[in-house]
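Bear in mind that the values in this text are calculations on the coordinates, not laboratory data. As the structure is a computational prediction, the values presented were derived from the model and not from experiment.
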Amino acid sequence: MCIMNIPANFSHIVETVYDLPLEFKEELKDLLEHNIADARRREIANNYKIAQKEYKAGKLKSSSSIKELKKML
């Protein structure tokens, strides 16, 4: 799907979903919730990998001292 077509198609999709029977709406809701959770997990995992690389490259600082952490902010 082309990014440029999303706004025009989105309202059509919403209207179509509104016309679905309740049971289909509930199934679609469950599918979307799982899809969103999976996407969020992938995003968190990717952010972790990036942070690990940055830490190993010395781009990140860490400390267990509250005073040091406050200074880093």
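Here is how the number arises for the chain: DSSP H runs of 4 or more residues each give -39500 (n - 2.57), the sum is divided by the residue count, and the result at 222 nm is -25500 deg cm²/dmol. If you fit an axis through the alpha-carbon atoms of helix 6-18 and take the longest principal axis of the Cα set of the chain, what angle between them do you get, 0 to 90°, nearest 10? Roughly 60 degrees, rounded to the nearest 10. Of all aspartates and glutamates in the structure, the ones whose alpha carbon falls short of 20 Å from that of K71, not counting any fewer than 8 places away in one chain, are E54.
Here the gap between K70 and L31, fully extended at 0.36 nm per residue and compared with their Cα-Cα distance, gives a gain of 9.8 nm.
Could you give the length gained by full extension between I13 and A39, i.e. 0.36 nm per residue of separation minus their alpha carbon distance, to one decimal place?
Working: separation 26, 0.36 × 26 = 9.36 nm, distance 2.08 nm.
The span from I13 to A39 would gain 7.3 nm if fully extended.
Could you work out how far helix 22-56 tilts from the main Cα principal axis of the chain, as a 0 to 90 degree angle to the nearest 10? Long axis of 22-56 versus the principal axis of the chain: about 20 degrees.
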